[in-house]
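The values are calculated or read from the model by the stated rules, or taken from the named source; none is laboratory data. Note that the coordinates shown come from a computational prediction; the quantities given were computed from them, not determined experimentally. Note that each Cβ is placed from the backbone with ideal geometry, even for glycine, and that neighbours are counted across all protein chains shown. Accessible surface is based on the protein model in full, side chains and every heavy atom, while ligands, DNA and RNA are left aside. Shrake-Rupley method; radii C 1.70, N 1.55, O 1.52, S 1.80 Å.
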Amino acid sequence: MTKKRIVIVGGVAGGATCAARLRRLDENAEIVVLDRGPYVSFANCGLPYYVGDVIQQESKLLLATPALFRERFNIEVRTRNEVLAINREASTVSVRDLETGREYSESYDALVLSPGAAPIRPSWPGIDLPGIFTLRTVPDSREIRHWIDEKKPVKAVVVGGGFIGLEMAENLSHRGIAVTVVELANQVMPPLDPEMAEYAKQRLESRGVTLALADAVAEFRQSGNCALSVHTKSGKAYEADLVVLAIGVRPETQIAHDAGLELGERGGIRVDRQMRTNDPRIWAVGDAVEVGNRVTGQWELIPLAGPANRQGRVAADAICGRDAYFDGVLGTAVCGFFDLTVALTGATEKALHRAGMDDFESIYLHPGHHVGYYPGAQAIHLKLIFRKSDGRVLGAQAVGEAGVARRIDVIASAIQMNATVFDLEESELCYAPQFGAAKDPVNMAGMIAANVVRGDAQIAPWDKVGSSEAYFLDVREPQEFQAGAIPGSVNIPLGQLRSRLSELPANKEIWVNCGVGQRAYYACRILSQHGLQARNLSGGYSTYRVWHP
Ligand code: FAD
């Protein structure tokens, strides 16, 4: 029997998974993994925590070694070997051994590309000054650690307020460094809808992080021994003894491009449902490929470890002739900083607008992560987006101190299975007082949304609150109202509503709010059954405060 020779470029999330799966499926194949870095199968996601000294030993980041691959899987791993070019006609790759400089060629029957994505490092003036770092590899994190240990920085600037930027902000703070985050967008966590990002902003500021939003780096200048100043387009300057660039990543597609493999509109390698490129003997996975979004149908670059791992597995299956398919991403992601968890799945409103989709509605709720009577309940701020016409779940975002990831994971699975808000209403989820509620936040979200789809409750749009001609009714108790209310709103506590209906206008929409949306829902039911046009400001005054911080 002739042995299949499979060459894999890149031995971390996608590549290592693919190699191990290949071996499980084909004991006879020759499998060679080439990686230009010094390690394979390392924990990229743990790097910020190694910088922050939460993970103290570098060895903990190394999940597998070439020796383990050889002994356990009979896979040949060559680190410090860079693939320079793909010769498709000859079915070979050109490789340089970075230790010796020797160049050689390696033949393949199947080639898998998992080269990942490189941090973006724009050619801003001063970008090469000492003390400016990006973070992708174990050596990158080691360098930042050394810089911190030797130079004892007091101030740092993190450029980019996305997932990695905010993880770095926390970890640098953990090392006693005062952090400023400079972010081009006018919100942190750009993947989130802005009002949901407001919770993250408030937490960062309350923990001493300075935020420079809607601003961009113009240049870096050296202002002393190892001191830098970061000048922004708005004319401000921030002092820093350390700068971390976390402004996104760019797929590593040079060798694919040079070999004439098709790239997509977002710059990633274009693959089919089996991760095969336009060359039937070449597969590509991970951060380097474009993937279809399961909700919007749009091509996206989603640099996340979960999809990279699953794609590596699908490619291995496909190479071994199995019917395995990768059917797109939801972008399910989670990030934690300063005791706050932020997570999302599926489409945001922003993404739906970008995709030209307008058949959707959003609701907000702020339930406890477990029942209120059990000590320690923390609010989960949850936004659920669903199709108005049939209730199909499209996306969710959640922020809170506990129980956030669990709810987003449940909703992610629901979206993947094309569930509707009616399915969320009916989801049977585990419950005991310290874990949740008999009506879990996911059930609650489903119920609120299902009420909208069934026509039992109309939702008022938060983005129109400032400009609407509606009558604003607040059904909280007077002391709650006095502590803060929507300007111009009229207070009639829920308990008095039935007896004061005559005070309400019959010819105008009535937009009702309470604390978190529940009493307003009861009020809307009363009003609409008395022939009045009522809409609930979903999530109540708690939501108002993030729309109007
Ligand atoms: P990588 O894991 O980047 O591996 C690519 C490998 O290919 C590299 O080792 C590279 O050296 C090698 N290579 C590239 N070109 C060549 C070549 N020509 N020849 C030989 N070798 C080559 N994702 C999450 O889901 N959750 C997280 O919390 C999270 N945190 C992260 C934190 C950080 C700091 C970083 C950098 C990433 C994080 N990610 C996270 C993203 C996640 O790590 C990536 O999505 C995932 O590693 C992508 O896998 P990959 O196989 O495509 O690429």
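Taking the conditions exactly as written (farther than 19 Å from Ala315 by Cα and not hydroxyl-bearing (Ser, Thr, Tyr)), does Leu34 satisfy them or not? Criteria not met by Leu34.
Among Asn186, Asn171, which is the only one that is among the polar types (S, T, N, Q), away from the ligand (no atom under 16 Å from the Cβ) and closer than 20 Å to Val209 by Cα? Explain how you work it out, then say what you get.
Details: Asn171 fails: away from the ligand (no atom under 16 Å from the Cβ).
Of Asn186, Asn171, the one residue that is among the polar types (S, T, N, Q), away from the ligand (no atom under 16 Å from the Cβ) and closer than 20 Å to Val209 by Cα is Asn186.
The set of residues in region 1-37 that are more than 20 Å from Ala85 (Cα to Cα) and within 12 Å of the ligand (Cβ to nearest atom) comprises Ala13, Ala16, Thr17, Cys18, Ala19.
Would you pick out the residues in region 354-409 that are acidic (Asp, Glu) and open to solvent by less than 30 Å² (accessible area, probe 1.4 Å)?
The answer is none; no residue qualifies.
Remark: pairs (first residue in region 523-534, β-branched (Val, Ile, Thr); second residue open to solvent by less than 60 Å² (accessible area, probe 1.4 Å); Cβ separation under 6 Å; 6+ apart in sequence or on different chains) = Ile526/Leu497.
Apart from one condition, Val40 fits all of (1) in contact (Cβ under 8 Å) with a residue 40 or more places away in the chain; (2) near the ligand (Cβ under 8 Å from one of its atoms); the exception is (1). With a requirement of 1 or more residues that are over 30 Å from Val83 (Cα atoms), open to solvent by less than 50 Å² (accessible area, probe 1.4 Å) and touching a Gly at 6+ places or on another chain (Cβ under 8 Å), the strands (runs of 3 or more DSSP E) lying completely within region 114-189 that satisfy it span 155-159, 178-183.
Considering region 60-88, and only residues there that are within 13 Å of the ligand (Cβ to nearest atom) and of a type in the set (Val, Ile, Thr), the residue that is farthest from Ala20 (Cα to Cα) turns out to be Ile86.
Among strands (runs of 3 or more DSSP E) entirely within region 215-269, having at least 2 residues that are open to solvent by 20 Å² or more (accessible area, probe 1.4 Å) singles out 217-222, 237-240, 249-251. When every residue of region 254-266 is checked against the conditions, at least one turns out to be over 21 Å from the mean Cα position of the chain (by Cα), β-branched (Val, Ile, Thr) and within 10 Å of the ligand (Cβ to nearest atom). Taken over region 302-336, residues that are open to solvent by 20 Å² or more (accessible area, probe 1.4 Å) and either outside any loop (DSSP other than H, G, I, E, B) or within 10 Å of the ligand (Cβ to nearest atom) (or both) amount to 11.
Check region 406-422 and report whether any residue there is part of a loop (DSSP other than H, G, I, E, B), in contact with a helix residue (DSSP H, G or I) (Cβ under 9 Å, 6 or more places away or on another chain) and modelled with pLDDT under 95.
As a first pass, look at region 406-422 and keep what is part of a loop (DSSP other than H, G, I, E, B): 417-419.
Filter once more, keeping what is in contact with a helix residue (DSSP H, G or I) (Cβ under 9 Å, 6 or more places away or on another chain): 417, 419.
Then keep just the ones that are modelled with pLDDT under 95; that gives none.
No: region 406-422 contains no residue that is part of a loop (DSSP other than H, G, I, E, B), in contact with a helix residue (DSSP H, G or I) (Cβ under 9 Å, 6 or more places away or on another chain) and modelled with pLDDT under 95.
Taken over region 475-522, the criterion of being open to solvent by less than 70 Å² (accessible area, probe 1.4 Å), closer than 21 Å to His548 by Cβ and hydrophobic (A, V, I, L, M, F, W, C) is satisfied by Val475, Phe481, Ala485, Ile486, Val490, Ile510, Trp511, Val512, Cys514, Val516, Ala520. Pull out all pairs, ordered by first then second residue, where Cβ-Cβ is under 8 Å, the residues are six or more apart or on different chains, the first lies in region 307-319 and is free of Cβ contacts under 8 Å to residues at least 40 places away in the same chain, and the second is buried (at least 24 other Cβ atoms within 10 Å of the Cβ) and in a helix (DSSP H, G or I). Going by the 8 Å Cβ cut-off, the qualifying pairs are Pro307/Gly286. Residues that are more than 14 Å from the ligand (Cβ to nearest atom), of a type in the set (A, V, I, L, M) and modelled with pLDDT of 95 or more are absent from region 92-103.
Taking region 439-455 on its own, how many of its residues are free of Cβ contacts under 8 Å to residues at least 12 places away in the same chain and part of a loop (DSSP other than H, G, I, E, B)? Total satisfying the criteria: 2.
Selection of region 43-59 for residues being hydrophobic (A, V, I, L, M, F, W, C), more than 9 Å from the ligand (Cβ to nearest atom) and open to solvent by 50 Å² or more (accessible area, probe 1.4 Å) yields only Val54. From the set of residues in region 267-290 that are in contact with an Asp or Glu (Cβ under 6 Å, 6 or more places away or on another chain) and of a type outside the set (D, E, K, R), which is nearest to the ligand (Cβ to nearest atom)? That would be Ala288. Scanning region 43-90 for residues that are without any contact (Cβ under 8 Å) to a residue 12 or more places away in the chain and in contact with a Leu (Cβ under 9 Å, 6 or more places away or on another chain) yields a total of 1. When region 59-98 is filtered for residues that are small (Gly, Ala, Ser) and part of a loop (DSSP other than H, G, I, E, B), the ones remaining, listed by number, are Ala64, Ala90, Ser91. Candidates are the residues of region 104-143 that are more than 10 Å from the ligand (Cβ to nearest atom) and hydroxyl-bearing (Ser, Thr, Tyr); the one that is farthest from Asn28 (Cα to Cα) is Ser123.
Within region 140-157, one or more residues are within 30 Å of Thr348 (Cα to Cα) and at pLDDT 95 or above.
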